[in-house]
1. Give me the residue from the range B:42-74 that is without any contact (Cβ under 8 Å) to a residue 60 or more places away in the chain, within 14 Å of another protein chain (Cβ to nearest Cβ) and part of a loop (DSSP other than H, G, I, E, B) and, out of that set, surrounded by the fewest Cβ atoms within 10 Å (Cβ to Cβ).
2. Pick out the one residue from B:Asp187, B:Asp204, B:Asp180, B:Asp196 that is under 18 Å from the mean Cα position of the chain (by Cα), more than 11 Å from chain A (Cβ to nearest Cβ) and among the acidic types (Asp, Glu).
3. For residues that are farther than 19 Å from A:Ser238 by Cβ and of a type in the set (Gly, Ala, Ser), scanning just the range A:59-71, find the one that is surrounded by the fewest Cβ atoms within 10 Å (Cβ to Cβ).
4. Please verify whether B:Met100 is within 27 Å of A:Arg289 (Cα to Cα), out of contact with any Lys or Arg (no Cβ under 6 Å at 6 or more places or on another chain) and facing chain A (nearest Cβ under 8 Å), treating the condition exactly as stated.
5. Return the total of residues in the range B:144-164 being more than 8 Å from every other protein chain (Cβ to nearest Cβ) and either in contact (Cβ under 8 Å) with a residue 40 or more places away in the chain or in contact with a Ser or Thr (Cβ under 6 Å, 6 or more places away or on another chain) (or both).
6. Do the conditions hold for B:Ala39, that is, is it under 30 Å from B:Leu156 (Cα atoms) and within 13 Å of chain A (Cβ to nearest Cβ)?
7. I'd like to know if the range A:236-256 contains one or more residues that are assigned to a helix (DSSP H, G or I), within 14 Å of chain B (Cβ to nearest Cβ) and crowded, with 22+ Cβ neighbours inside 10 Å.
8. Keeping to the range A:171-206, report how many residues are facing another protein chain (nearest Cβ under 9 Å) and part of a helix (DSSP H, G or I).
Amino acid sequence: MAAPTDDTTADGTGPTSGSAPAPTPIKAVPVRHPGRWVAIAVLAVLAAMLVNTILTNDGFRWDVVGRYLFSGPVLNGLSNTLILTVLSMLIGIVGGIALAIMRLSPNPVLSYVAALYIWLFRGTPLIAQLLFWNFLAALYPRLSLGIPFGPEFVSFDTNQLINQFTACLLGLGLNEAAYMAEIVRGGLQSVDHGQSEAAGALGMSRGQALRRIVLPQAMRVIIPPTGNETISMLKTTSLVVVIGYFELMTSVQRIYSVNFQTIPLLIVAAIWYLALTSVLSIGQGFVERRYGRGVHRGPTGARLLPRRKTAGAT
Amino acid sequence: MTENGHDRPMVEAVGIHKSFGSTEVLRGVDLTVRPGEVACVIGPSGSGKSTFLRCINHLESIDAGTMTVDGELIGYRRRGDKLHELRESEVARQRRDIGMVFQRFNLFPHMTALENVMEAPCTVRRRSKKEAREAAVGLLDRVGLGNRRDNYPTQLSGGQQQRVAIARALAMEPRLMLFDEPTSALDPELVGEVLDVMRGLARDGMTMIVVTHEMGFAREVADSLVFMDEGRILEAGAPREVLANPQHERTQAFLSKVL
């Protein structure tokens, strides 16, 4: 059962190098692209103008930018932005996976409950949700654990249980879960039905098939929009200002409302947001390659070291 | 032919009915396959042969009749005179012993050939990685792909993929193998390598039910040949008999087109 191997062609040397005379390479005048040169010239002028104005316009106040870039309040805001983004995305992803599985469940009650949740949380403004969680105490002054309609075991003051920070996490995380649910559902549905069937025929339970076979393949579809959501969340966290919490954007606004250096401080914020976005994009690249295994054709060696070689090939 | 002590059939289907919506796909199928026997099922497309095969491991539930594999009722439990549906985990346990090979391979694309073969023994049978690996290496050697174990499915030809799929099913050490048109999605020159592997399996005494269009394979390897049309078995018997001397007119019409 000798199989024809792809290996021989992988190194570039074809089977032709034996007896046949070497073919004459084509010599032709390449197509000219004058349009490209025009485009390059126009863009070069525009770029020169941009650099010029950045360097010569004193309104940018690069000295102010430099002074505030690593200042205490800005770094405090930055760390809050990071913590809020990471934790609410974590809630969003875990909640989203759970909701997506519920939504696709053969149990109609679970499916409808998930649909209702998604409808509610996608259909109302995030600001309203943040304010709702923050003012939950107005609706329920005390929260308690106990038997429904029966005795209570413990009871908490709502305002102590849900401070501004937890209200932020609830608002951002629960809202994100609704969006992530749809992303995960799309990913799960993109995997060929034959995959879960093959897993089932091997005696895997639905849970095992989901965890080992379907979800890893769905990840390829889930990751890019999740990267979008994370980068979007980075900036959406600035909404927490409505309930009096602060992050990067709030810190910057507080500073320029006092010293009126609006533009330089907005640049400070922009630099940090761009830095975080860059880090996230790189991280996303690594995760995508991890879950892209087996998708692209290519020589075995490159496939086994996906991190190094296939980067350019994808 | 190997016997399992008493002369119990490996598969016993009695009066199997199955409908999808208002379409009746199976209208009373009876089939008995003895241990070590190779049964080939042929028939025009839409005759219900694939559906019947999928009823044997409960990928499709049946509407009427009884399906028994190695003496065990598939999909249900009889308590008194009542049938109880089996729970998902119990169905999964029954499927462990029934290997299945699909027309479109359905290999797991995010795993290498070796990982594909190791997967079910590890997650379902809880074998150790080392043990499963040794077995998988042996199985890939057996289907002639020992040098392909680190390739992903996209790097393999259709015939190679189907052979990995056979190894993957064998890794669960099934008592019965179901083949659902295993060569129909293959280029003509790749059909032979898959049939070779199946021929080897038959020689080793595996009980097999093969839905196929390969009449040559059926004639040469099968112990019995079954012709299905419109959800019924119209003719069954020794392959040479059925192929050379079909009794039913629809069998004759079908064979005149494919032979």
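Values quoted throughout were computed directly from the atomic coordinates according to the rules given, and no laboratory measurement underlies them. The shown structure was predicted, so the numbers you read here are calculated from the model rather than taken from an experiment. Cβ coordinates were reconstructed from backbone atoms using ideal geometry, including for glycine residues, and neighbour counts include every protein chain displayed.
1. This residue is B:Ser61.
2. Exactly one residue qualifies, and that residue is B:Asp204.
3. A:Gly59
4. It is false that B:Met100 is within 27 Å of A:Arg289 (Cα to Cα), out of contact with any Lys or Arg (no Cβ under 6 Å at 6 or more places or on another chain) and facing chain A (nearest Cβ under 8 Å).
5. Going through the range B:144-164 one residue at a time, the tally reaches 5.
6. It is false that B:Ala39 is under 30 Å from B:Leu156 (Cα atoms) and within 13 Å of chain A (Cβ to nearest Cβ).
7. no
8. 8
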